[in-house]
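The values are calculated or read from the model by the stated rules, or taken from the named source; none is laboratory data. All values derive from a computational prediction rather than experimental measurement. Please note: Cβ atoms are built from the backbone with ideal geometry, for glycine as well, and neighbour counts cover all protein chains shown.
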Amino acid sequence: MTGSGHTDLWSVCQGRISEHPDRVVLDFDGDRWSWAELIEAAEALAGGLAAADVVRGEVVCHMSPNHPEAVVTMLALLRLGAVECPVNAGLRGAQLAHVLDHSGAGTLIVDSSLADRVSEQLPAAPAVQTVVMRGEAPPLEGATVLDYAELRRSGHTPPPFRPPGPGDPMNIIYTSGTTGPAKGAVLPQAFPIEQARIKIEQWGLGADDVMFSALPLYHVNARFSSLGTALVMGGRVALVSRFSASTFWDQVRRSGATEVGVVGAVSSILLRQEPSPADRDHRVRMMHGAAGIPMDRRADFEERFGLRLVTGFAMTETGHFATTSPDDPMRYRASGRPVPQYEVAVVDADDNQVPAGTVGELVVRPRVPGVMMTGYHRQPEATLAAFRNLWFHTGDLATIEADGYIRWVDRAADAIRRRGEMISSTEVEQAVCELDAVAECAAVGVPSELGEEEVKLVVVAEPGQTIDPAALKRHCQATLPDFCQPRYVEILDELPKTATHKVNKPQLRHTDPPAVLDLSAGGRA
């Protein structure tokens, strides 16, 4: 079941509550909500927010850690036709001020645990006049503060529901902004419906499936790939407060999950845990997010945990435009084939399509409406630049092989050009992380006196271990091609991260002494 023809998520939910009101749809850390409980809570909050003058089409910022009421808030804003702007709960300072101000929101719904950082930035966001606080917190200057619980209990009836158009804005989700201020991707009402349809069709999901995620709801992965898919197909979503390697499989087991979504290093962290007799004691059929595991260890992961890994391409702006299926023999050796909802190509610097197997920039455009963002909020120039020549430019380097599979190479901004060769920073990082003492690694290009770039490694040691630069150099010589050999090494306690938990590579592109070791000279850079 994929939403019974509806093109907005609230209409889908209304259909579900009439079909099976008592079926559990949300499991949050073991706290289970039926369709009736969830939708009635959203209706109640929508009434309170409407009485507080939240209206259809208004942008409302929502800042919260994972919590059941975060789901209630999302649905309440859908019920009103307001445009939710989920704010990364890790933001502080100028980055938070930018999102609050640039969004143009007049109302902010926020968890009290984040009140202090919000209070500091409200003066920089004068449009925010109303703050709805969930939990107790001190008064905030410059805004009217309303109590979330009181709005839920107010008994006000929301205005009659008017179904939005499939292209009407639903969410504004700000990207990480490593190369400048974060941009707000405007996602339409049809977006979660179309994204769910892709997963349901490609992965064979149904109403008996349980989607599990330990990722934050302010990102598209948990919000749409897990929660949205469960709502559309009439299944169940199991969410937890945060990722913990030590409790992950216990949480998965208790939830009865059949599909698990992870990102980045999570899968690699799980593989590093001590083997347990309970490793295969679960119902999970597939895990989405193999990219964090070195290619030669992915079969080991499947065998150890008794599941199938699937890979894919997805971005906030585009959604899930390519994937493999659980039965695909190439399911973790490539990033999948394009799904029917998109047209995908690889182009050169002039946007000419390149031959199969040639590295270029990955570009994509929709074949059906509502499957991608409609543009960047209040940034028409950035929108036009991204969609130049009628293609959305991903900023990713990739190849499309003769068999149709996409093979990702690197972010264009992160690829390293050395002695006429283009080096994938990801492949270097995966090779370095095979060294037992290395917990994390980032590879970046730094200027070379010979022109182009040299390879610099920035490494973090596993707890209780130290990194020997000589051993690291020998490992690289044994595992990497000659043109990939690093010249510089810097050892840090932790890698700098963006607000969306990506490595902030621009901060690492230096060779400042005395912190950086020049491996070619055996001394300091």
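Summary of values
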{"item": "Selected residue (only one of GLU381, GLU429 is assigned by TED's automatic domain parsing to the domain that holds VAL344 and assigned to a helix (DSSP H, G or I))", "result": "GLU381"}
{"item": "Residue count, region 59-69 (criterion: crowded, with 18+ Cβ neighbours inside 10 Å and closer than 21 Å to LEU122 by Cβ)", "result": "6"}
{"item": "Positions within region 191-219 being in contact with a Pro (Cβ under 9 Å, 6 or more places away or on another chain) and within 17 Å of SER241 (Cα to Cα), in sequence order", "result": "PRO216, LEU217, TYR218, HIS219"}
{"item": "Filter result (part of a loop (DSSP other than H, G, I, E, B) and closer than 14 Å to LEU217 by Cβ) within region 26-73", "result": "ASP29, SER64, PRO65, ASN66, HIS67"}
{"item": "Close pairs (6 angstrom Cβ cut-off, 6 or more residues apart or separate chains): within 15 Å of ALA413 (Cα to Cα) in region 492-509, at pLDDT 90 or above and not in a loop (DSSP other than H, G, I, E, B) anywhere", "result": "VAL503/ALA442; LYS505/VAL444; LEU508/ALA442; LEU508/VAL444; LEU508/VAL458; ARG509/VAL444; ARG509/VAL446"}
{"item": "Per-region count, region 1-25, residues outside any loop (DSSP other than H, G, I, E, B), over 27 Å from the mean Cα position of the chain (by Cα) and not charged (D, E, K, R)", "result": "4"}
{"item": "Top-ranked residue in region 476-517 [being of a type in the set (Gly, Ala, Ser) and more than 19 Å from VAL460 (Cβ to Cβ); ranked as modelled with the lowest pLDDT]", "result": "ALA499"}
{"item": "All positions within region 446-501 that are assigned to a loop (DSSP other than H, G, I, E, B), among the hydrophobic types (A, V, I, L, M, F, W, C) and farther than 20 Å from MET422 by Cα", "result": "ILE467, LEU492, LEU495, ALA499"}
{"item": "Residue identified as in contact (Cβ under 8 Å) with a residue 60 or more places away in the chain, out of contact with any His (no Cβ under 7 Å at 6 or more places or on another chain) and acidic (Asp, Glu) among ASP116, ASP53, ASP101", "result": "ASP53"}
{"item": "From the options ALA97, ALA89, residue that is under 18 Å from ALA185 (Cα atoms), out of contact with any Lys or Arg (no Cβ under 6 Å at 6 or more places or on another chain) and in a loop (DSSP other than H, G, I, E, B)", "result": "ALA89"}
{"item": "Wholly enclosed helices (runs of 4 or more DSSP H) of region 231-324 bearing at least 3 residues among the aliphatic types (A, V, I, L, M) and outside the structural domain of LEU26 (by TED's automatic domain parsing)", "result": "266-272"}
{"item": "Any hit, region 463-481, residues being surrounded by 13 or more Cβ atoms within 10 Å (Cβ to Cβ), hydroxyl-bearing (Ser, Thr, Tyr) and farther than 30 Å from ALA182 by Cβ", "result": "yes"}
{"item": "Neighbours by Cβ (under 9 Å, 6+ apart or cross-chain): first from region 377-393, closer than 25 Å to GLU84 by Cβ; second assigned to a helix (DSSP H, G or I)", "result": "HIS377/HIS102; HIS377/SER103; ARG378/HIS102; ARG378/SER103; GLN379/HIS102; PHE392/ALA386"}
{"item": "Candidates VAL459, VAL444, VAL432, VAL428 - the one that is touching a helix residue (DSSP H, G or I) at 6+ places or on another chain (Cβ under 8 Å) and free of Cβ contacts under 8 Å to residues at least 40 places away in the same chain", "result": "VAL459"}
{"item": "Qualifying residue in region 238-259 (condition: under 17 Å from GLY312 (Cα atoms) and either over 17 Å from the mean Cα position of the chain (by Cα) or modelled with pLDDT of 95 or more (or both))", "result": "yes"}
{"item": "Exclusive hit being β-branched (Val, Ile, Thr) and surrounded by fewer than 22 Cβ atoms within 10 Å (Cβ to Cβ), set ILE193, ILE269", "result": "ILE269"}
{"item": "Which numbered condition ALA334 fails, given (1) modelled with pLDDT under 95; (2) crowded, with 19+ Cβ neighbours inside 10 Å; (3) not assigned by TED's automatic domain parsing to the domain that holds ALA386", "result": "(3)"}
{"item": "Of residues in region 178-195 being among the polar types (S, T, N, Q) and at pLDDT 90 or above, the one farthest from ALA412 (Cα to Cα)", "result": "GLN189"}
